[in-house]
Structures are given as structure tokens and as C-alpha cells.
Amino acid sequence: MTSKEEDPLDESNEEPNQDSVWYQLLRANKEQLFHEISQAQLQQLSPTALAYLGDAVYELYVRMFYLLPPKRPETYHHLVVAQVRAETQAKMLQSLHPHLKNSELEIVRRGRNAATGRPKRLDLGTYQQATSLETLIGYLYLTDIHRLTELLQKLHLEKL
């Protein structure tokens, strides 16, 4: 390999375009796992099921965000946990709220109403907002990855 473009492990100072990589990985994963999900099948999924999926997708996004530059494993862990905890997810939903379409606000409402049980350390409102964000992410992962990527890019994750 002679050019920097050909070496994916090159340690140059250039920031990789993580959003593009994120979109490509999401798209590839979805295409391998699912054929297009029908609207009828989507309607059969509960908000809780969408939140379950959204939780995993959101954590993967956060992990990828902090992947570069390389860090110690315990540093990765602390950075990711700080972003995926319910209190932070509730704040992220609030920051996205002005950017959401009416149909997305309906998904958020469904997610909020589905969140009934909660950990003792959280108040119900925070838990409901976090579940709403996860529900929206799960829904968009299945229906509109481009829109999901657009909204995730609006989140204010802190780069260290």
C-alpha cells in the first residue's frame, strides 16, 4: 500500500467521516437482517419492542462516535455509559424535539405512554423520555435510516 487512502489503519490526523461510515454500516446491517418491513408488520411491533431495538442502535452509535481516536477500554466505557444513561437520553430527546416531524412526535408519544415500569433511581418522567427516544430510534432504524442519521447528527455528544 502506497497511498494513505488505501490504508484504513493509517494514523493520520485527519478526522474520519464517521457519519458516512455510520450510515453505510446501518444500511448494510439492515439489508442483511431484514427485507423491507411492511407497514402492517411495523404496526404489530409494540413501542416497547421498538425501544428495545432503539436502545441497541443508540448504544452502537455512541460507541462508534467515541471509537476514534483510540482510548483505553475503561475510558470508552465511561464515555458511553454517560451518554446512554436515561438522564442523558431524556436531555437528547428534548434537544431533538424542535426538529421532529408530526409523525415522529406520535412515535415519541407512543413510546412515552408505553414506559410504565422504571428503575428506582429514576423519576417516571425521565424514564418515559428516555424510552421515547429509544422508541423513535428503533422506529427510524426500521423505516428511514437516512432520517435516523440526520437526527443522530443533531445530538451534542462531547468529543474528548
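Details
- Over the range 41-153, relative contact order from alpha-carbon pairs under 8 Å, at least 6 apart, %: 41 percent
- Residue-count net charge about GLU134 - beta-carbon cut-off 15 Å; Lys, Arg +1, Asp, Glu -1: +2
- Linear extension gain, LYS120 paired with LYS159, 0.36 nm per residue minus alpha-carbon span: 11.0 nm
- Cβ-Cβ distance of GLN41 and HIS146, R₀ of 25 Å, FRET efficiency by 1/(1 + (r/R0)^6): the value works out to about 0.80.
Only the coordinates and a few stated rules stand behind these numbers; no lab work does. Computed from a predicted structure; not experimentally measured. Cβ coordinates were reconstructed from backbone atoms using ideal geometry, including for glycine residues, and neighbour counts include every protein chain displayed.
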